[in-house]
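The values are calculated or read from the model by the stated rules, or taken from the named source; none is laboratory data. This structure is a prediction, so every number in the text was calculated from the model and none was measured. As a convention, Cβ positions derive from the backbone with ideal geometry for all residues, glycine included, and neighbour counts pool all protein chains shown. Ligands, DNA and RNA are stripped out before the accessible areas are found, and what is left, the full protein with its side chains, is counted by its heavy atoms. Shrake-Rupley method; radii C 1.70, N 1.55, O 1.52, S 1.80 Å.
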Amino acid sequence: MVRQAENMQGRDHSDRLVPAAASSSRVSGNDNHESSGRSGTVSRLSGMLSSVRRSSKSSESKKKRMPWGYKWRSSAWYITAVVGVGVCSDALTYQIIVPVLPYRLQSLGYTNVSEKVSWLAFAYSIGIFVSTFPVAYYFGRYPYRRLPLVAAVIILEAAQILFMLAKPYAALVIARFLMGAASTVVWVVGFALICENVDEARIGRQIGFAVSGVSIGTTIAPPIGGALYWNLGWYSPFIFTIAFLAVDTAARMLVIERKQMMKYESAKTTDMPLTATPESTTHMDGDEKARPDLSTDPEAAIASRDRSPASTRVPKIPDKVKSDLTPWQVVAKLGRSSRGMNGVTITFIFGFVLGALDPTLTLRVQSVWHKNSAFVGLVYLAASAPTFITGPIIGALADKYGAEWIMAPSLLLSAPWLPLLILKNSLPGFIVYFALSQTFFSCALGPVGLELAMAAREVEGMSEIHQFSAMNLAFSISSAIGSVVGGQMYDRLNHGWEAVCWFMFAVTIVFIPLPFLTAGKRTLWDRCRGRPGKSETDDDGAEIEASEDLPHRTTESRDSGETPT
């Protein structure tokens, strides 16, 4: 009995142990399952990250590399230098034949040489006039500037070859027309390229450097052209210009615009490899809830941008709204911009004086002092050399103090020297008077680019293309009128040179009050009366005062959380 009871107790004890062992085995199986699940999740996550890294590496390998020399090719100084060389080549190709063209026409047997030269200058101006409208219309919508600049310089080279080889007068007219059309692209698209790739605070300085290319071209062209023609013949000046244009073409082809750089930078930012950490995967939901909405919180957006690494930031360029304005709407809006009209008017005066002198000055020096083309080139050199220095200085001063302090006084000081060109008792005196008048005209023209750029930002729907097209149009019309009037007066009046000089003086005097009343953000007329600057319009159409302390007040109101008024 005792043995039977012990056996029964043993079976009961074993029965109790079996469920316990089964339950312990189930617990250990669950633990093993959970650990294997976690390890599987980690392995899948690591596999996903490795695939992302592989895809990012493959995308980086497929991605287009940054262009060679992209830093200096897209820099503001290189773009300014390219535009400066472009306007230098334009002035060079125009001015290099000015002192030799009368001698060339005489050698070909033409009569009324001054009249013939004036009509060739007229053809050049008509080329500018005719091409300005399509250039402004199309390239106001076309976003890139390098291709039209390269095409323009190729057309200019072809026109140079045609003018060099042509003997019929009609062929000379066609070649001169093509030169004017190519010049339009350089002056309109080239200066718009500077405004789109340079900070607003430095536009005046950079345009001043670019405009100095005109001074360089007009300085070196006449003496080089006269010397080459006198010693090597008619073809030599054109061979020189074609070689110079080849260098200009290469420089334009190397330009990288900021719009192109933004594409590279955007692709670089988009293709950055994604990385994850356990903390980021664990707390991702919490961070997304705590992150502010950057689209509705500007201060958070600015703070987020400032905290981001500099290498991941893409420079922001204000998007210029494509203008659908018709040419007449552009003219109407331009007429309501006093600064734009001021720049266009100064360009008109400069073009008129330059156009009147081109067909007459060479013949005047030849008839009074019996000098050849090489000496006439030296006269142009003496007149243009000071403008090479004044261009950058005037641009920097306009940025710092305002265009109003430069344009009106310079235009006033350019007028008295024009009647003195009538005197013929002293050749050195004639050269000095001519140099002073051209220097002050150049100083008055220097801030025109800044005025047009600022006017384009103030008038809704207008762009730099429209403003510089208007400037080019004014130059073409005025130079055409000046060349025809000057050439006709010189040939058909008994005292033709005297009439030309007094006519240039009268035109200059008539327009002197305009920059005094309209130039700059706060005109000299407003300063004399103690009034604030011109009123501008904000984005909502409300009128705001454009006084000198406006940026300071706007900053304070932004810091205090108030809306600027």
Original post:
Among residues other than TYR103 whose Cβ falls under 14 Å from its Cβ, what is the net charge (Lys/Arg +1, Asp/Glu -1)?
Top reply: +3
**OP:** Sort TYR94, TYR110 by accessible area with a 1.4 Å probe, largest first.
**Re:** TYR110, TYR94
Subject >> FRET efficiency for LEU413 and ARG65, using Cβ-Cβ distance with R0 set to 60 Å, rounded to 0.05 >> reply: 0.65
Subject >> Burial order of peptide ranges 95-106, 210-221, 520-531 (average beta-carbon count within 10 Å, highest first) >> reply: 210-221, 95-106, 520-531
**OP:** Could you please state, rounded to a whole Å, how far the C-alpha centre of region 77-107 is from the C-alpha centre of region 362-419?
**Re:** 16 Å
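Could you order peptides 442-455, 405-418 by the average number of other Cβ atoms within 10 Å of their residues, highest first? Present the calculation step by step, with values, prior to reporting the outcome.
Working: 442-455: 27.4, 405-418: 21.5.
Packing proxy ranking, top to bottom: 442-455, 405-418.
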Subject >> Pairwise FRET efficiency - ARG492 versus SER75, Cβ, R0 = 41 Å, nearest 0.05 >> reply: 0.20
Subject >> Pairwise FRET efficiency - PHE511 versus LYS167, Cβ, R0 = 45 Å, nearest 0.05 >> reply: 0.65
